[in-house]
1. Within segment 39-53, can one find any residue that is in contact with a Lys or Arg (Cβ under 9 Å, 6 or more places away or on another chain), over 15 Å from ALA136 (Cβ atoms) and either part of a helix (DSSP H, G or I) or of a type in the set (Gly, Ala, Ser) (or both)?
2. Can you find, within segment 93-121, the residue that is modelled with the lowest pLDDT among those that are open to solvent by 60 Å² or more (accessible area, probe 1.4 Å) and under 29 Å from LYS29 (Cβ atoms)?
3. Based on what the data block shows, is ILE147 modelled with pLDDT under 85, in contact with a Lys or Arg (Cβ under 7 Å, 6 or more places away or on another chain) and open to solvent by less than 60 Å² (accessible area, probe 1.4 Å)?
4. Can you work out which of the residues in segment 1-38 that are among the aliphatic types (A, V, I, L, M), within 17 Å of VAL53 (Cβ to Cβ) and in a helix (DSSP H, G or I) is nearest to the chain's Cα centre (by Cα)?
5. For segment 1-19, name all the residues that are of a type in the set (D, E, K, R) and surrounded by fewer than 16 Cβ atoms within 10 Å (Cβ to Cβ).
6. Considering only segment 20-32, how many residues are surrounded by fewer than 24 Cβ atoms within 10 Å (Cβ to Cβ) and in contact with a strand residue (DSSP E or B) (Cβ under 6 Å, 6 or more places away or on another chain)?
7. State whether the residues of segment 43-66 include one that is over 26 Å from ARG162 (Cβ atoms), among the aliphatic types (A, V, I, L, M), modelled with pLDDT under 90 and open to solvent by 20 Å² or more (accessible area, probe 1.4 Å).
Amino acid sequence: MTKVIAITGKGGTGKTAVAALLIRSLSKKGKFLLAVDADADTNLPETLGCEDVKTIGDAKEYLQAEITKPRPDNPDMNKESVLKSKVYEIIEEMPGYDLLVMGRPEGSGCYCYVNNLLRGIMDKLIINYDVVIIDAEAGLEHFSRKIIRDIDDLIVVTDASRRGFRTAERIHELVDELDSNVGRIHVIANKVTDANREKLVKLAEDLKLNMIGMIPLDPKIEEMDIKGIPLFEISDDSVAAIEIESIVQKLGV
């Protein structure tokens with residue numbers, strides 16, 4: 001049974017870094033893993049050390065153009081097969097995991113038909129993996145489109161601020177309003193210090209948020225970011241990497 005984990009949170013909280021560290025941890029455990037960058041900003045590939053990746057957005061643009069093009073030579077073109085072949089071309093096979101980048105939102109016109117095809121393709125694709133990790137947009141727009149229908153664990157990453165925790169609370173409410181197929185919702189506090197740890201635990205309790213982890217402020221991550229070093233290369237003794245191992249155990253992956 002495939003386990004689907006999505007990570008969301010407002011910009012600047014370290015959402016993509018958390019996603020990358022989870023991917024690193026699970027790939028080292030030998031899980032057959034699919035990493036999905038569903039954020040239009042497309043920061044995950046760089047964080048993982050991947051460059052010049054193709055996107056699902058490109059494939060959808062291509063198919064949308066094909067749908068509207070007169071095809072007297074081939075009126076029975078199987079559009080699902082065309083899109084499926086494009087999706088499989090786009091998947092990057094990396095050491096320890098596969099990477100699929102969603103890319104930019106749709107352009108002009110209605111993409112409902114293409115999105116419906118893509119849902120079916122994604123349903124068939126993800127069952128081939130042990131775990132799917134999704135670096136999601138903060139707005140959960142792709143959940144409302146339901147390109148990926150079922151999420152086992154939704155992780156909201158927040159910084160060490162009341163505003164960040166309020167954002168986590170609103171995301172929790174939005175998931176309920178969208179009637180999404182989300183199993184459990186968790187919160188990870190990122191960049192935590194000894195000075196604010198107890199206050200953050202209390203804040204999570206007051207807002208009835210399930211705190212699954214508190215990642216300490218890690219100078220190694222800041223240094224790697226400045227130097228452009230992928231987080232996949234972080235050392236095992238990093239305080240952030242150690243906390244991620246604890247989170248993985250709580251997720252039951």
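1. For segment 39-53, residues in contact with a Lys or Arg (Cβ under 9 Å, 6 or more places away or on another chain), over 15 Å from ALA136 (Cβ atoms) and either part of a helix (DSSP H, G or I) or of a type in the set (Gly, Ala, Ser) (or both): present.
2. Applying the filter and picking the extreme gives PRO95.
3. Considered against the rule, which asks whether it is modelled with pLDDT under 85, in contact with a Lys or Arg (Cβ under 7 Å, 6 or more places away or on another chain) and open to solvent by less than 60 Å² (accessible area, probe 1.4 Å), ILE147 comes out as yes.
4. Taking the candidates together, the pick is ALA19.
5. Applying the first criterion (of a type in the set (D, E, K, R)) to segment 1-19 yields 3, 10, 15.
Across segment 1-19, there are no qualifying residues.
6. 2
7. Residues of segment 43-66 that are over 26 Å from ARG162 (Cβ atoms), as a first pass: 44-66.
After this cut, where a residue has to be among the aliphatic types (A, V, I, L, M) as well, the list is 44, 48, 53, 56, 59, 63, 65.
Now drop any that are not modelled with pLDDT under 90, which leaves 53, 56, 59, 63, 65.
Retained after the next criterion (residues that are open to solvent by 20 Å² or more (accessible area, probe 1.4 Å)): 53, 65.
Within segment 43-66, one or more residues are over 26 Å from ARG162 (Cβ atoms), among the aliphatic types (A, V, I, L, M), modelled with pLDDT under 90 and open to solvent by 20 Å² or more (accessible area, probe 1.4 Å).
The values are calculated or read from the model by the stated rules, or taken from the named source; none is laboratory data. Keep in mind that what you see is a predicted model, and the values were worked out from it rather than measured. We place every Cβ from the backbone using ideal geometry, glycine too, and count neighbours over all the protein chains shown. Just the protein is used for accessible areas: all its heavy atoms, side chains included, with ligands, DNA and RNA removed. Shrake-Rupley method; radii C 1.70, N 1.55, O 1.52, S 1.80 Å.
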